[in-house]
Amino acid sequence: MAIVATLPSPNLFTPPPSKPHNDSTDKPPPSPPIPIPKYPPRTPKPSKPPNSLSFHRRTNYYKPVSDGVIATDRDDRCVVVGDSGVSYLLPGAPFEFQFSYSETPKVKPLAMREPAFLPFAPPAMPRPWTGKAPLKKSKKKQKIPLFDSFNPPMLAGKKGAKVVEMPGPFRLGKAPVEGRSREEVLGDPLSRAEMKLLIKPHLSHNRQVNLGRDGLTHNMLELIHTHWKRQRVCKVRCKGVPTVDMDNVCHHLEEKTGGKIIHRVGGVVFLFRGRNYNYRTRPQYPIMLWKPAAPVYPKLIQEAPEGLTKDEADELRMKGKNLIPICKLAKNGTYINLVSDVRNAFEETPLVKINCEGMHASDYKKLGAKLKELVPCVLLSFDDEQILMWRGESWKFRYPESHAPVRNDEGHNKGTSSMSTTGSSNDITQNSYNKTWVSRQKLISLWKRAIESSKALLLEETELGPDALLEKVEEFAAVSQVAEHSYTALIISGQDATSNSKIDVKQQSELEGSDIDDFNEESDTDSDEVDEAHDPFEHAETSIPFGSLPLDAIAEKLSSD
């Protein structure tokens, strides 16, 4: 180690000497095959102004519109904006076409999200030049006959042939008649038995038209006619938002298709085509090739709704956060009783909330717009997938005295020192007072139902003595017993039992004579109906136990004697 320390260079791992540099052999580096592009420096995008309008998520198009024609083409087809929203007017059309007839808001649109053009195919399109002359027309023309319901093709023996429904049903001595108007196509009204025979085969199968969140769309009209080509009744199943107002859906179904609704259960509608329907002479409408973009409508939620200031509306929204919803709506459900449930809830409380968790945002917003019009009410918010509504200042109670007034107790007007001690007792008295008024409202509704069903009597004369009041009660009791057939049997022991029982039977037959005559009249008028024993819609089962009628008691007494 001492020898190594005496060496001039202590580094034992020096690199080897490099080769001498020769300048004559240097070559320039090869140039790249493709020049590197030079891009301009990026410029920051201009910031969006705070008060600018929010555009559609797929386009930046926004054009305000006013009432009237906003676009036309060379074939006199135009796009019209009116009270019913955006519609398309074609020459010779029976009515203005729309994408949805039942779910279009009854508010004028503010702007369009896309250029106004018709979603239909052009009436005629010239052949583009392909470099060759068009082929000559064949002399042998294939004549394809149109489908005629009055003379359907004979396909009984062919493989894969479908059933063809003839016009009808017809009574004896009648035949189909060509008709153009709706009354002529429908023909004579259907009897009850004919309706049952038409509906019964459609209860079990799933050949139907599904009507969803868009309601009755334009292309469904042609779809219903294709169902009518093979069967006399078209089954339409409605789900989702349109079921809130089923009367509106049924009105548009009958108006646009020309059919007649013969049966309706929940969200299922049975649409009859008519006795004299012919597929060949049906109204033919052009098909929409795409769904037009929905226009811009006014906002449903206002910061200060009608009848409220902004602070009052914010206070109601804060109260609504702790409010329990009256119901929870399922996706693609049937909401037939929703309007009546909201109205009943508004009888008890000024705020109502509906839970819409799991539903599409557009669905519960459409629900809110429908409830605002049908109930009516004021929408406050759609936060947290909940619909919060206020009944408004112009709400009319079902019964004039149904709402409980605020009770003015002395404890409420005292100072703040006594508020802490008497606050809980005052709340209890106020709650009990409100419950008294609520029970009074329910009693009024029960009384009205009893009067309508002839189980209670409303006295017009209030100043009656005890004897007059007793006579009224006995007279009403006799009438109600006759209506309910609740007379007790009169059993007399001895030899006169047979004669007295005959008298009782005669009285009983006189009481029931009107019912028997009515039954005979109904049986004569409905002689052409189907046997009631095989009726799938009515199951007449008596609610009176065997042996409870007076006649049964008399018969038992006679048999024992």
task: Determine whether ILE336 is open to solvent by 40 Å² or more (accessible area, probe 1.4 Å) and within 30 Å of PHE150 (Cα to Cα).
output: no
task: Test GLU357 against the stated conditions and say whether it is open to solvent by 30 Å² or more (accessible area, probe 1.4 Å), modelled with pLDDT under 95 and in a helix (DSSP H, G or I).
output: no
task: Working only within region 243-293, note down all residues that are open to solvent by 60 Å² or more (accessible area, probe 1.4 Å) and within 28 Å of ALA111 (Cβ to Cβ).
output: ILE287, LEU289, TRP290, LYS291
message: Can you tell me how many residues within region 95-111 are open to solvent by 60 Å² or more (accessible area, probe 1.4 Å), at pLDDT 90 or above and over 25 Å from GLY212 (Cβ atoms)?
response: 1
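Taking region 209-234, which residues are open to solvent by 10 Å² or more (accessible area, probe 1.4 Å) and free of Cβ contacts under 8 Å to residues at least 60 places away in the same chain?
Matches in region 209-234: ASN210, MET220, LEU223, THR226, HIS227.
Please go through region 301-330 and give me each residue that is touching a helix residue (DSSP H, G or I) at 6+ places or on another chain (Cβ under 9 Å), of a type in the set (A, V, I, L, M) and open to solvent by less than 60 Å² (accessible area, probe 1.4 Å), ordered by number. Before you say what the answer is, go through the steps one by one.
Of all residues in region 301-330, those touching a helix residue (DSSP H, G or I) at 6+ places or on another chain (Cβ under 9 Å) come to 301-305, 308, 317, 320-321, 326-327, 329.
Next cut, of a type in the set (A, V, I, L, M) only: 301, 304, 308, 326, 329.
The answer is ILE301, ALA304, LEU308, LEU329.
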Pair list, Cβ < 9 Å and 6+ apart or interchain, from region 287-305 residues that are free of Cβ contacts under 8 Å to residues at least 24 places away in the same chain to residues that are of a type in the set (A, V, I, L, M) and surrounded by fewer than 16 Cβ atoms within 10 Å (Cβ to Cβ): none
task: Scan region 154-194 residue by residue and report those that are open to solvent by less than 50 Å² (accessible area, probe 1.4 Å) and modelled with pLDDT of 80 or more.
output: PRO167, GLY168, PRO169, GLY179, SER181, VAL185, LEU186, GLY187, LEU190, SER191, ALA193, GLU194
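Here's a check for you: in region 368-386, which residue that is touching a Cys at 6+ places or on another chain (Cβ under 7 Å) and part of a helix (DSSP H, G or I) is nearest to ARG237 (Cα to Cα)?
Taking region 368-386 as the starting set, the residues that turn out to be touching a Cys at 6+ places or on another chain (Cβ under 7 Å) are 371, 385-386.
With the extra rule that they be part of a helix (DSSP H, G or I), the set shrinks to 371, 385.
Details: LEU371: 22, GLU385: 26 Å.
Among those that are touching a Cys at 6+ places or on another chain (Cβ under 7 Å) and part of a helix (DSSP H, G or I), it is LEU371.
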- request: Looking at (1) within 30 Å of ILE287 (Cα to Cα); (2) modelled with pLDDT of 70 or more; (3) open to solvent by 70 Å² or more (accessible area, probe 1.4 Å); (4) not aromatic (Phe, Trp, Tyr), find the lone condition where LYS132 falls short.
  value: (1)
- prompt: What number goes with the only condition from (1) more than 30 Å from GLU165 (Cβ to Cβ); (2) touching a strand residue (DSSP E or B) at 6+ places or on another chain (Cβ under 9 Å) that TYR285 does not pass?
  reply: (1)
message: With the structure loaded, tell me whether LEU379 is touching a helix residue (DSSP H, G or I) at 6+ places or on another chain (Cβ under 6 Å) and either surrounded by 18 or more Cβ atoms within 10 Å (Cβ to Cβ) or over 22 Å from GLY215 (Cα atoms) (or both) or whether it fails that test.
response: yes
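The values are calculated or read from the model by the stated rules, or taken from the named source; none is laboratory data. What you see is a predicted model; the values in this text were computed from it and never measured. Cβ: placed from backbone, ideal geometry, glycine included. Neighbour counts: every protein chain shown. Side chains are part of the model used for accessible areas, which takes the heavy atoms of the whole protein and leaves out ligands, DNA and RNA. Shrake-Rupley method; radii C 1.70, N 1.55, O 1.52, S 1.80 Å.
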